[in-house]
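Report on the structure given below.
The values are calculated or read from the model by the stated rules, or taken from the named source; none is laboratory data. Not measured: the values here are computed from a predicted model. All Cβ positions, glycine included, derive from the backbone under ideal geometry; neighbour counts span all protein chains shown. Side chains are part of the model used for accessible areas, which takes the heavy atoms of the whole protein and leaves out ligands, DNA and RNA. Shrake-Rupley method; radii C 1.70, N 1.55, O 1.52, S 1.80 Å.
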Amino acid sequence: MPTIGIIISVLLLLGWLILFIRLMILSINEQKETKKKNVDSFLYDPKTGTKFLIEQADEKVDTYDAYKIKSNEELENFDDDERIIEEISNYLKKSNYKITKIDKAQISCLKKTIILSKYSNWDYKISFKFVQNNLLFFPKVDLNTNSRYSFSSYQIMFWLEVPNINGYYFLKPLEFHEKILNLFSKKSTINVDGFAIFELKQSHNIHLLKSILEIFKNEKNIEIEIKNDNLFVKTNNKPSLTDFEMLLNKVKKIC
């Protein structure tokens, strides 16, 4: 007959074994739960095959919905201006341009530009990376004055970094009366056919500046701003596929 001591030892051993099994089961269950939470906390991007946290969803734009090509039926739901922007966006998506968000520092820089700050308000619909992290986006501008005139529309805008261009210039198409006045006004250090030029700070690289601005000579529907090493080019009328193709071809000569 086994002694009382042996029985106690066996019972203790069984107790420890049961406790160990329970801990193992608990650990396995916790791992399963953690794994489930991790899976649930990630979203899957079927286009790129990558995962990202749900918390990052508001900041991430590289998702299936963002890159979805809108059908002709869907495009019919937009008004004229926005439909043009959606058609251009379709083209850019098909051409593998990457959608991006304009960050706070970039927004702050844009707010200080003449080309956008002249409006009562502006926002943007979508933006794309364009060759070496340059930007192509579609600001919606609103202009409300004390007179009866007001303007609200999407436009097309490129923001390019051009090393060593420097200086500070704003260019707008010459109106007829400005063409007359321009004959007698003081010339800036550069001249571009079809544009009134406001020189706020002279560039140290006039040759480079002239060669870039000559690309846009006599264009009637754009404004240009050079600020340090930044070149901003924006349409000043309602968006059109013709203006987009024109600007795209000209900007490609710079990048």
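How would GLU161, GLU214, GLU223 rank on accessible area, largest to smallest, probe 1.4 Å? List each step's numbers first, then the result.
On the way: GLU161 130, GLU214 75, GLU223 10 Å².
Descending order: GLU161, GLU214, GLU223.
Just grab the label-to-label distance for LYS94 and ASN77, each label 7 Å out from Cα along the Cβ direction, in nm (one decimal).
2.1 nm
For a quick check: with amide H placed at 1.01 Å from N, whose amide H comes under 5 Å from ILE222's, ignoring anything fewer than 5 positions away on the same chain?
Placed amide hydrogens put ASN236 under 5 Å from ILE222.
How much length, in nm to one decimal, is gained on full extension between ASN218 and ASN121, taken as 0.36 nm per residue of separation minus their Cα-Cα distance?
Working: separation 97, 0.36 × 97 = 34.92 nm, distance 2.82 nm.
Length difference between fully extended and current span is 32.1 nm.
Full-extension gain between ASN133 and LYS201, please, as 0.36 nm times their residue separation minus the C-alpha to C-alpha distance.
Details: separation 68, 0.36 × 68 = 24.48 nm, distance 2.59 nm.
Computed gain between ASN133 and LYS201 is 21.9 nm.
Using each residue's phi in segment 80-92, evaluate 6.51 cos²θ - 1.76 cosθ + 1.60 at θ = phi - 60° and report the 3J(HN,Hα) Karplus result to the nearest Hz, with x for Gly and Pro.
After applying 6.51 cos²θ - 1.76 cosθ + 1.60, I find 4, 4, 5, 5, 4, 4, 5, 5, 5, 4, 4, 4, 5 Hz.
Residue by residue through segment 250-255, what is 3J(HN,Hα) from phi via Karplus (6.51 cos²θ - 1.76 cosθ + 1.60, θ = phi - 60°)? Round to whole Hz and write x for glycine and proline.
Result, rounded to whole Hz: 6, 5, 4, 6, 9, 6.
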